[in-house]
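J.: Quick one: the structure is below, and I'll ask about it shortly.
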Amino acid sequence: MLKKISTDKAPAAIGPYSQGIIANGFLFASGQIPIDPADGEIKGTDISAQAEQVMKNIGALLAEAGSSYENVVKTSCFLADMGDFAAFNEVYAKYFTEKPARSCVAVKTLPKNVLCEVEVIAAV
């Protein structure tokens, strides 16, 4: 059975998808971009500030699902510029202390022209 996850503490979906789905004991969270859920605006103009907002959004989804950063088993990270890799990793490492499996790729363009997007799979 699938359970949809939705919280107003993370940005609402900007397309035909759910913020997250719990299935078979795992949360599959949709990619998070640096939208501040309070006002719907992009938070920050550099990779560090945007990554911080992304992590806050992920944290809200994890909490809503009854999980935490420690239970994340896989992340997929998308960067607009691989030149931001080191600065992104500095923020990422503060949150993903258990070092889950990860993919990190550069993409041509992200929604709303943000600098990063991150999706997670976590045990619940």
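J.: Regarding the range 1-48, what are the three Cα extents along the principal axes, ordered largest first, in Å?
T.: Between the extreme Cα coordinates on each principal axis of the range 1-48 lie 39, 19, 18 Å.
J.: What is the angle, in °, between the Cα long axis of helix 47-64 and the longest principal axis of the Cα atoms in the chain? Nearest 10 is fine, range 0 to 90.
T.: 0 degrees
J.: Within the set LYS56/LYS94; LYS56/LYS108; LYS9/LYS112; LYS3/LYS112; LYS56/LYS112; LYS56/LYS99, which residue pairs have Cα atoms separated by over 22 Å?
T.: LYS56/LYS108; LYS3/LYS112
J.: Here's a follow-up. Using only alpha carbon pairs under 8 Å that are at least six residues apart, calculate the relative contact order of the chain and give it in whole percent.
T.: It comes to 32 percent, rounded to a whole number.
J.: With a cap of 13 neighbouring Cβ atoms within 10 Å, and only residues DSSP puts in a loop, list the GluC sites (Glu not before Pro) found in the range 36-124.
T.: Counting only loop positions with at most 13 other Cβ atoms within 10 Å, the GluC sites (Glu not before Pro) in the range 36-124 are GLU41, GLU98.
J.: Related question: Determine the share of the chain's accessible area contributed by carbon and sulfur atoms, expressed in whole percent, with a 1.4 angstrom probe.
T.: For the chain, the apolar C and S fraction of the accessible surface comes to 54 percent.
J.: Can you compute the helix-only [θ] at 222 nm over the chain? Use -39500 (n - 2.57) per DSSP H run of at least 4 residues, normalise by all residues, nearest 500 deg cm²/dmol.
T.: -7500 deg cm²/dmol
J.: Taking the Cα centre of the chain as the origin, how large is its charge dipole in debye, to the nearest 20, when only Lys and Arg (+1) and Asp and Glu (-1) carry charge on their Cβ atoms?
T.: Dipole about the Cα centre, nearest 20: 400 debye.
J.: Further, regarding this structure: What's the local net charge at ALA10, with K and R +1, D and E -1, over the other residues with C-beta under 9 Å away?
T.: Residues close to ALA10 contribute a combined charge of 0.
J.: Continuing with the same structure: What whole-number value in Å² describes the accessible area per residue of the chain for a 1.4 Å probe?
T.: 53 Å²
J.: Could you pull the Cα extents of the range 1-108 along its three principal axes, largest to smallest, in whole Å?
T.: Principal-axis extents of the range 1-108 (Cα, largest first): 41, 31, 24 Å.
The values are calculated or read from the model by the stated rules, or taken from the named source; none is laboratory data. Every value quoted in this text rests on a predicted model; they were computed, and no experiment measured them. No Cβ is skipped: glycine too gets one built from the backbone with ideal geometry, and neighbour counts run over all protein chains shown. Heavy atoms of the whole protein, side chains included, go into the accessibility calculation; ligands, DNA and RNA do not. Shrake-Rupley method; radii C 1.70, N 1.55, O 1.52, S 1.80 Å.
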